[in-house]
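One structure is given below, encoded as structure tokens.
Values in this text are rule-based calculations from the coordinates and carry no lab data. Everything numeric here is computed off the predicted structure, so don't read it as measured data. FYI the Cβ positions are ideal-geometry reconstructions off the backbone, even for glycines, and counts take in every protein chain you see.
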Amino acid sequence: MASQLSSFQTYQDSWASWYRYQLATLLMEDQHQLSSRPLRVLDAAGGNGMITEHLLKQGHSVVLFDISPDMIGDAKARLADAYGDRVKFYVGSLTDDFPRWEADFDLVIMHHIIEYLPDITAVFRKLAAQVKSNGSMSLITINPVSEVLRRIHFDKSPQKALEKLNELSYDARWFGNAQMYTDDELATALQTAGWDIEDRRGMRLFPDYVDDKLNNDEAYRQAMIELELNVAGSTPYRDMGRYRQWACRRK
């Protein structure tokens, strides 16, 4: 998995990753009021801890959980000494039994992971049991609508776009084949597992469709962030983003 970590770190240096993390944290702040009080957070399948690091800087306590020892090792090397008892690290799979956590969580982070799980309803149900009564979850997953738009924009192919109307699998490069979910499928899985959907946003609506040279300019990126935040919760824009960012509340 070391090569997977190396590839992921290369991606994290890209403008696409910059938008991904900037928007995720800014939208989380709005959806979950992260600055209002210290939270106990489970960053589930949190990779090498980029979101964990942001939360720790805000004063929260975080358990980082990921299947990759290399990802966890990279996070531990960066964060363990700096944040001490406020951060814990575990290697494991969301499809297995969870470790015995130290406390119930206020917030669970589920970003960019359900695409690789065989039974999302079962995992959502397990996570609902990990949070406090009225606890919340931040969910980010790829939007299948964006695959249709991308086939027109990048491939200039109506035929490929047409195929993507009903094709819910895609190649996630270094993480392998992945499964997308429609809004209805996702909502049904969440409701069945004990979660209410409180807020729906779209993210990375526009940057993917402009020239790389523009996205490499910091001032341009900041202006794009302002635009994204202004339309992320409004239809039809939220339904066109590369990713969906939903705030869920345990029933």
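Remarks
- Filter result (buried (at least 20 other Cβ atoms within 10 Å of the Cβ), of a type in the set (D, E, K, R) and not in a helix (DSSP H, G or I)) within region 203-249: R204, R242, R244
- Residue in region 146-163 that is farthest from A45 (Cα to Cα), counting only those that are crowded, with 17+ Cβ neighbours inside 10 Å and touching a helix residue (DSSP H, G or I) at 6+ places or on another chain (Cβ under 6 Å): A161
- L214 meets the conditions (1) without any contact (Cβ under 8 Å) to a residue 24 or more places away in the chain; (2) touching a His at 6+ places or on another chain (Cβ under 6 Å) in every case but one. The failed one is (2).
- Counting only strands (runs of 3 or more DSSP E) wholly contained in region 1-99, the ones carrying 1 or more residues that are touching a Pro at 6+ places or on another chain (Cβ under 9 Å) occupy 61-66, 87-91.
- Of everything in region 1-29 that is among the charged types (D, E, K, R) and either more than 24 Å from R200 (Cα to Cα) or touching a residue at least 12 places away in the same chain (Cβ under 8 Å) (or both), the residue that is surrounded by the most Cβ atoms within 10 Å (Cβ to Cβ) is R20.
- Scanning region 224-244 for residues that are more than 23 Å from L168 (Cβ to Cβ) and out of contact with any helix residue (DSSP H, G or I) (no Cβ under 8 Å at 6 or more places or on another chain) yields E226, L227, N230, G233, S234.
- Hits in region 30-56 (condition: in contact (Cβ under 8 Å) with a residue 40 or more places away in the chain and either among the basic types (K, R) or in contact with a Lys or Arg (Cβ under 6 Å, 6 or more places away or on another chain) (or both)): R40
- So E198, is it surrounded by fewer than 17 Cβ atoms within 10 Å (Cβ to Cβ), in a strand (DSSP E or B) and more than 15 Å from the chain's Cα centre (by Cα): yes
- Within region 73-85, residues that are under 14 Å from S61 (Cα atoms) have Cβ atoms under 7 Å from residues that are in a helix (DSSP H, G or I) and among the aromatic types (F, W, Y) in no pair, counting only partners at least 6 apart in sequence or on another chain.
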